[in-house]
Structure formats: structure tokens, C-alpha cells
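Peer 1: Pasting in a structure now, in C-alpha cells, and then I'll have a few things to ask.
Quick note: the coordinates plus some simple rules give every number you see, no bench work behind them. Fair warning: this is a prediction, and the values are worked out from it, not measured in the lab. Cβ: placed from backbone, ideal geometry, glycine included. Neighbour counts: every protein chain shown.
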Amino acid sequence: MRIAIIGQQDFGKAVMEAFLARGDTVAGVFVAPEKEGGKPDPMKVAAVEKGLTVFQFPSLKAPEATAAMQGLDADIGIMAFVLQFAPQEFVNIPRHGTIQYHPSLLPKYRGPSSINWPITKGETKTGLTIFRPTDGLDEGAVILQKETPISADDTLGTVYFDRLFPMGVAAMLEAADLVVAGKHREVVQDESQASYEGWFRAAEARVHWNQHVDWIHNTIRGADPAPGAWTTIAGKKLQLFGSRKHLVRTFGAVKGKIGEIAWIGAETMRVTAQGGQVEIAKVKPEEGKKVSAAEWAKAAGVTVGTILGT
């Protein structure tokens with residue numbers, strides 16, 4: 001088939017290369033412009049190396065973007081990790097329209113941080129959706145969905161890089177084939193089940209030690225590796241990675257004060273919270289690199305009894 005691909009970064013690059021690898025024609029590539037002084041987008045770099053036609057429009061609503069898409073004579077448009085708004089007059093140009101990837105089970109977790117939030121909220125499964133883009137945010141008809149479990153110790157990194165990334169690349173190929181062959185079904189999203197979450201950034205990733213150990217554990221792993229959950233020590237930021245929770249079910253049996261480093265082992269440390277302790281594998285101080293929690297504690301002169309969040 002002849003495709004037009006709209007995307008960016010490593011996921012867009014992987015989708016583009018998957019279509020090329022099986023012999024499809026990539027008629028043109030739309031990539032968001034890099035920020036001033038920023039690194040070249042990996043998808044753009046790969047497309048240029050392969051001699052593909054690359055467009056970088058500040059807005060896909062521009063007449064120039066519409067004209068560029070019209071000139072490609074594409075069978076289908078493929079949206080793979082797109083943060084730019086794509087209007088209907090743009091996405092409807094290919095003969096079979098356009099399909100878009102979203103890393104959640106729509107209509108749940110619409111929005112830009114849809115992988116972080118299910119983990120942070122303690123969900124036991126998530127997935128991906130291939131859908132028809134509309135002018136509403138992640139609201140279009142569903143073409144294909146795939147599920148994956150979220151284990152108690154999964155992180156953003158394991159869920160995305162190990163599963164949603166490769167599953168998403170394969171699902172885009174599968175959905176494109178179904179659409180071009182006219183064998184797909186389009187299911188309208190159930191608005192009664194819809195939820196929207198905004199960006200999961202530094203403010204959302206801050207650890208509040210007076211919360212329950214479940215909440216803290218979920219926040220750390222939902223932000224691991226990015227944006228990185230964090231606390232403070234002596235007023236400086238300390239990012240936390242590699243969380244394990246240790247529940248204490250007997251009332252009053254939790255050792256240590258809230259936010260206190262209660263134990264430092266050979267590699268990890270444990271911090272007390274409501275209902276138990278959180279074991280931290282690695283930390284990244286404000287002025288330093290990511291190291292094991294024990295190595296950081298030794299270098300910083302931090303001992304058992306130190307209170308975090310200060």
C-alpha cells in the first residue's frame with residue numbers, strides 16, 4: 001500500500017520502518033518541527049537517510065500541509081505518536097482516511113500521559129487503541145485494541161518499551177491492512193466510560209510520604225523512568241526509581257516515622273509511609289547521576305533516621 005505517515009521520535013520511526021520493511025511505499029513523512037536548538041527528530045533523520053519526502057509544518061491546519069497531503073496520493077494516513085492537532089480536512093485526504101495509535105484502552109485515559117496514569121492509579125491492565133482521529137481529543141471510532149496486564153512491579157518503562165511499543169507497531173500494520181481491505185469495524189466510543197488525564201509531569205510525580213504506601217509505590221513506578229518521582233532532602237530534589245512496597249497489615253506495627261529512612265542495605269533503602277515501607281533501588285540527586293540508593297546514602301552521609309520530604 002501507499003502510505004502517508006505522521007509522527008515523531010522513536011515510535012514514529014519504528015512504525016515507518018515496519019511498513020518499509022514489508023514492502024509498502026511511504027509516500028511522505030510529516031514530522032513536527034524540532035524546538036530551537038533541539039536534537040534532530042529520530043524519525044526525520046531516518047526518513048532523510050532513506051530518501052523519503054519529509055514535511056515539517058508548524059501546524060497541520062496550514063493550507064500548505066493540506067496541499068502536501070493531497071499531493072501524496074496515499075491509500076491511508078498513519079498517525080504514530082502525534083502531538084500536533086490534525087484537522088479533519090487533513091486526515092480525510094487519503095483514500096481510506098487515517099488511523100491513529102493511542103497507548104491506552106480508549107475511552108479510558110484519553111490525553112497525553114496515558115501510560116503513566118493507569119500505573120499511577122493502580123490499574124491491573126492497560127493496552128493500546130488504533131482509532132479514527134477526529135477533532136475531539138482521542139474520541140474517534142475504535143478500529144483495533146490490544147490489552148496487556150500491569151503487574152505489581154511494572155513501571156512506565158517496562159509497560160511501554162517491553163509491550164506497548166512493539167505491540168503498537170504490529171497493531172498499526174494490522175489495522176492498516178484491515179482498513180485498506182475494507183475488513184475493519186469501527187466502534188463508537190462509549191462516552192459513559194470515558195476519562196481524561198492531563199500531563200503527568202514533575203508536579204504530579206512528587207511523593208507525599210503521608211500517603212499510603214500503595215499510592216507512593218504506584219507514583220514512583222508510574223514515573224519510572226520519566227519524569228522521575230521525587231522527594232526532597234535539605235531542600236534539594238531527590239528522584240526515586242525501582243520501587244518495591246512492603247505492606248504491614250498489623251495496626252501500629254510500621255517501623256519508623258513517616259518519610260523516615262528506616263533501613264539501608266547493600267544496594268537499596270526503605271522509607272516509611274502509611275501502611276508500610278517503600279524500598280528504593282536507585283536515586284538521582286539534584287546535582288548528580290543515578291546511582292544505587294545505598295551508594296548515594298553513603299556518599300551523602302545519609303543514615304537511618306533521616307527524614308525525606310524536608
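Peer 1: Whole-Hz ³J(HN,Hα) for each residue in segment 301-310, computed from phi via Karplus 6.51 cos²θ - 1.76 cosθ + 1.60 with θ = phi - 60°, x for glycine and proline: what do you get?
Peer 2: My calculation for segment 301-310 gives x, 8, 10, 4, x, 5, 9, 8, x, 9 Hz in order.
Peer 1: Candidates (1) 1.00; (2) 0.92; (3) 1.16; which is the computed Cα Rg over 2.2 N^0.38 Å?
Peer 2: The value matching this structure is (3).
Peer 1: Which one of 250, 106, 283 has its Cα pushed farthest toward the positive end of the charge dipole of the chain, where Lys and Arg give +1 and Asp and Glu give -1 at the Cβ?
Peer 2: 250
Peer 1: First measure r as the distance between the Cβ atoms of residue 177 and residue 17, then evaluate 1/(1 + (r/R0)^6) with R0 = 22 Å and state the FRET efficiency to the nearest 0.05.
Peer 2: 0.85
Peer 1: Further question on the same structure: Loop-only GluC sites (Glu not before Pro) in segment 202-309, please: DSSP not H, G, I, E or B, and at most 11 other Cβ atoms within 10 Å.
Peer 2: When the GluC sites (Glu not before Pro) of segment 202-309 are filtered for loop state and at most 11 Cβ neighbours within 10 Å, 287 remain.
Peer 1: Still on this model: Measuring from a point 7 Å past the Cα of residue 89 along Cα-to-C-beta, which residues in segment 45-77 have an amide N at less than 15 Å?
Peer 2: Label zone hits: 59-71.
Peer 1: Given R₀ = 22 Å, what would the calculated FRET efficiency be for residue 141 paired with residue 170, taking r from the Cβ atoms and rounding to 0.05?
Peer 2: In this case the efficiency is close to 0.60.
Peer 1: Right, here's the next one. Tell me the label-point distance for the pair residue 236, residue 195, using the 7 Å Cα-to-Cβ offset, in nm and rounded to one decimal.
Peer 2: Each label point is offset 7 Å from its Cα along the Cβ direction, giving 3.7 nm.
Peer 1: What is the Cα centroid distance between segment 191-240 and segment 294-310, reported in whole angstrom?
Peer 2: Centre-to-centre (Cα) distance: 21 Å.
Peer 1: Right, next: Hey, got a sec? Which chymotrypsin sites (Phe, Trp or Tyr not before Pro) in segment 39-110 land in a DSSP loop and have at most 13 other Cβ atoms within 10 Å?
Peer 2: In loop regions of segment 39-110 (DSSP not H, G, I, E or B), the sparsely surrounded chymotrypsin sites (Phe, Trp or Tyr not before Pro) are 85.
Peer 1: Compute a Gaussian network model of the chain, connecting alpha carbons closer than 10 Å, and tell me which residue from 38, 198, 140 fluctuates the most.
Peer 2: In this elastic network of the chain, the residue with the biggest mean-square fluctuation among 38, 198, 140 is 38.
Peer 1: In addition: Return the long-range amide H neighbours of residue 232 (sequence gap of 5 or more, or a different chain), with a cut-off of under 5 Å between placed amide H atoms.
Peer 2: The answer is 238, 309, 310.
Peer 1: Where in segment 202-222 is the amide nitrogen less than 12 Å from a point lying 7 Å along the Cα-to-Cβ axis of residue 274?
Peer 2: Once the point is set 7 Å along Cα→Cβ of residue 274, 208-216 turn out to lie under 12 Å by backbone N, inside segment 202-222.
Peer 1: Can you pull out the chymotrypsin sites (Phe, Trp or Tyr not before Pro) in segment 1-47 whose DSSP state is coil and whose Cβ has at most 10 other Cβ atoms within 10 Å?
Peer 2: none
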